[in-house]
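The values are calculated or read from the model by the stated rules, or taken from the named source; none is laboratory data. Here the structure is a predicted model, which is why all the values come from computation and not from measurement. We place every Cβ from the backbone using ideal geometry, glycine too, and count neighbours over all the protein chains shown. For accessibility, only protein heavy atoms count, side chains too; no ligands or nucleic acids. Shrake-Rupley method; radii C 1.70, N 1.55, O 1.52, S 1.80 Å.
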Amino acid sequence: FSVNLTLNDWNLLGLQWTQASTGNDLTLYVVSPAGLLSFKTVSLLNEAPLRPGGFLFLGQFVPTPLSPSSPDQQWFAGDIDEMRIYQSQSVFDAPQMVQDYQRRVKAGDANLVKFWNFNEGQGAVAADVSKVSPSANFILPLPWPAPEWIVSDAPILPEKVVVKRVASDSIDSMCRLFIQNPATACTQISAGTRSLYFDMCVSAASGANDLNAGMSTIASFADLCQNLLSLDVWPLASFCNDFPVQYPGVKFPRVIGPNCDVPCFEGSASPTNSSVCVCDAGFYGRGCELLCPGGYSNPCNGHGSCLKDYGCVCDLNWAGNGSSTACDTCGPGFAGVACEFAKNNLSSSSAAASRSRTASLFGSGHTTSFDGFAYDFLPSMNGAYELLRTLGASPRIRIVSRHVPCGTAGERCISEM
């Protein structure tokens with residue numbers, strides 16, 4: 001098959017035989033320790049790769065009595081953690097292979113007809129622990145030596161124990177409403193994958209004690225179904241009114257409306273009009289699909305309001321209405337770290353520039369600069385401050401003021417200039 005295995009590590013191998021009227025396909029899947037999936041398919045036309053009857057040999061090629069092939073002297077050198085055989089009429093989905101790399105398989109999994117987990121630890125018999133017909137065992141006769149049992153270090157995740165604190169019936173039925181619904185096109189997805197997503201949904205909702213926590217898993221399964229089956233319409237969309245009605249408080253994702261055709265990505269239906277999407281904080285747009293500048297945790301950078309049909313409307317002293325960098329620079333006539341200083345409307349024309357300008361400093365730190373900025377010295381601002389200097393390494397003019405505490409309300413007075 002010419003597929004690569006990662007040496008000295010655990011690889012998951014899957015061999016799929018697909019029967020069709022036009023022939024047979026045999027596909028080898030390999031999931032690497034990094035979770036990467038590779039595969040190779042061979043078309044066998046009308047020749048069946050596996051025939052009823054006989055024995056299944058694992059680890060070395062053994063020809064059937066009627067086969068013209070001679071025995072291959074090479075054999076498998078390595079460790080085997082488990083072996084499974086599935087039989088299914090549904091669509092095979094490769095993502096399940098990747099998920100199964102670390103998943104702890106259960107004997108009663110859907111479509112699982114044979115399962116050897118090699119957990120005996122001794123002897124020459126490996127029992128089939130599946131629940132379908134657990135009778136076929138691996139018996140290792142002579143001339144093969146007895147197996148060498150080891151403690152496996154395969155990266156299988158421990159079995160999770162889900163504790164359902166409240167509303168367990170509601171959690172089960174909500175997760176089943178779409179994932180296990182036989183009336184949807186997604187019933188073509190393999191039962192093993194549907195069972196996995198159902199368990200993930202129950203676990204998420206139970207762990208958070210909130211039905212909404214399971215909706216993201218349901219939406220993810222709908223995405224997987226749409227991609228695998230190449231569906232034109234998101235298969236979960238038609239359920240937009242079923243979930244909120246049957247499970248009050250559940251927020252349905254992406255669409256709203258009587259016909260489930262109104263986009264609503266980051267919002268919810270208006271309580272007065274089910275066809276109007278009301279955006280969550282930090283989002284805007286017709287379907288609330290756009291993130292407000294500054295992010296949902298700090299919309300408009302904290303200096304304005306994010307409106308659904310427009311975007312950011314900045315506060316008076318900030319600029320950038322409706323832009324992608326809204327409210328992050330000072331507006332005309334304002335300056336300072338927080339745009340807290342307002343200046344007079346001074347013209348930049350040559351005539352205006354030739355006129356004299358006046359700066360002032362009086363009282364408890366009330367200041368107006370030559371550029372028209374007006375501000376007050378804060379109560380904590382003690383010490384000497386340079387108010388003006390002329391250009392050059394040795395300035396001809398330099399004005400410094402010294403501020404000291406005075407009064408009884410924390411004022412700062414000018415003690416000298």
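Odds and ends about this structure:
- Taken per residue, the accessible surface of segment 199-285 reaches 47 Å², heavy atoms only and a 1.4 Å probe.
- Accessible surface of residue 40 - all protein chains present, 1.4 Å probe, nearest 10 Å²: 90
- Mean Cβ count within 10 Å, highest first, over the residues of peptides 149-157, 361-369: 361-369, 149-157
- Per-residue extension of 0.36 nm, minus the Cα-Cα distance of residue 366 and residue 58, leaves a gain of 101.8 nm for this segment.
- Cα shape, segment 239-288, gyration tensor, a/c 1.5 rule: prolate
- Interchain or long-range residues, amide H under 5 Å from residue 364's placed H: none
- Top positive-direction residue, dipole computed over segment 199-297 with Cβ charges, set 245, 292, 234: 292
- Highest mean packing first, where packing is the average number of other Cβ atoms within 10 Å per residue, the peptides 381-394, 6-19, 194-207, 289-302 line up as 194-207, 289-302, 6-19, 381-394.
- Annotation: residue 373 carries an accessible surface of approximately 40 Å², with a 1.4 Å probe and no ligand, DNA or RNA atoms counted.
- Radius 11 Å from Cβ of residue 263, net charge of other residues (Lys, Arg +1; Asp, Glu -1): -1
- Residue 104 sits with roughly 100 Å² accessible to a 1.4 Å probe, with DNA, RNA and ligands left out of the calculation.
- Overall dimensions of segment 186-256 as given by Cα atoms, namely Rg and Dmax in Å: 12.2, 34
- Accessible area of segment 198-253 belonging to carbon and sulfur atoms, whole % at 1.4 Å probe: 52
- Taking amide H atoms as placed 1.01 Å from N in the peptide plane, the amide H of residue 387 lies under 5 Å from those of 399, 400, 401, each 5 or more residues away in sequence or on another chain.
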